[in-house]
């Protein structure tokens, strides 16, 4: 599997396409926008979007174009970063009410979140490479995670799995690796920047640059 992916990547990057479209996918509250903000802060000096402890803070596709990152050995990778809403198989407005929202606001957020999930899936067809951000402190064998990986595998999109929140006591990167052995897994804390250089190196390796 890895050989096929690397072969595909080799052919892809021999083309004239200089800027790739890099998508960030994952379940709600896995730290997708936190990672997007970290990347944008490191290389652009600005944030991508707002974050919240309440699920589905990001409900629309967000894009930062022409991000250029450089490796220690001088390689350069140019990409348009696409932060997507959290993928969920079920969105219930009552869950937002439990977080303190009024019924009206909760129903509005649920509707927007549902539309965001649909848009995120549609955008998969536009992606060249995808980062799947998972919370390493939760069970990776969820229906949502399997659905995301299944959609990516069906499209033969190169994937790097980012096991986020390794700073948490319950973090278990080995469990994430065991759940998806066909992909490389890099453990980071997007919030605190832990292992972020290893993440960038993994991204360079995946992109074949």
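The values are calculated or read from the model by the stated rules, or taken from the named source; none is laboratory data. On a predicted model such as this, the values are computed, not experimentally measured, just so you know. For neighbour counting, all protein chains shown are included, and Cβ atoms are generated from backbone atoms with ideal geometry for every residue, glycine included.
Scanning segment 59-73 turns up no residue that is outside any loop (DSSP other than H, G, I, E, B), modelled with pLDDT under 75 and either under 18 Å from the mean Cα position of the chain (by Cα) or under 26 Å from residue 156 (Cβ atoms) (or both).
Looking across segment 74-93 at every residue that is at pLDDT 80 or above and not in a loop (DSSP other than H, G, I, E, B), the one that is surrounded by the fewest Cβ atoms within 10 Å (Cβ to Cβ) is identified as 76.
Okay, residues lined up against (1) closer than 18 Å to residue 33 by Cα; (2) in contact with a helix residue (DSSP H, G or I) (Cβ under 7 Å, 6 or more places away or on another chain); (3) surrounded by 14 or more Cβ atoms within 10 Å (Cβ to Cβ); (4) free of Cβ contacts under 8 Å to residues at least 12 places away in the same chain:
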residue	(1), (2), (3), (4)
106	no, yes, yes, no
117	yes, no, yes, no
126	no, no, no, no
137	yes, no, yes, no
142	no, no, yes, no
149	no, no, yes, no
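The number of residues in segment 153-173 that are farther than 19 Å from residue 143 by Cα and over 16 Å from the mean Cα position of the chain (by Cα) comes to 6. Counting just the residues of segment 1-58 that are part of a loop (DSSP other than H, G, I, E, B) and modelled with pLDDT of 90 or more, which one comes out farthest from residue 83 (Cα to Cα)? Filtering segment 1-58 for residues that are part of a loop (DSSP other than H, G, I, E, B) and modelled with pLDDT of 90 or more, the one farthest from residue 83 (Cα to Cα) comes out as 45. Kindly evaluate residue 107 against the criterion of being under 14 Å from residue 86 (Cα atoms) and either more than 14 Å from the chain's Cα centre (by Cα) or assigned to a loop (DSSP other than H, G, I, E, B) (or both). The answer is no for residue 107. Here residue 172 does not fit the description of being modelled with pLDDT of 95 or more, closer than 19 Å to residue 42 by Cα and buried (at least 17 other Cβ atoms within 10 Å of the Cβ). The lone criterion from (1) without any contact (Cβ under 8 Å) to a residue 40 or more places away in the chain; (2) touching a strand residue (DSSP E or B) at 6+ places or on another chain (Cβ under 8 Å) left unmet by residue 130 is number (1). Look at segment 175-188: where a residue is touching a residue at least 40 places away in the same chain (Cβ under 8 Å) and a partner is surrounded by fewer than 17 Cβ atoms within 10 Å (Cβ to Cβ) and assigned to a loop (DSSP other than H, G, I, E, B), sitting 6+ places away or on another chain with Cβ atoms under 6 Å, you get 182/1.
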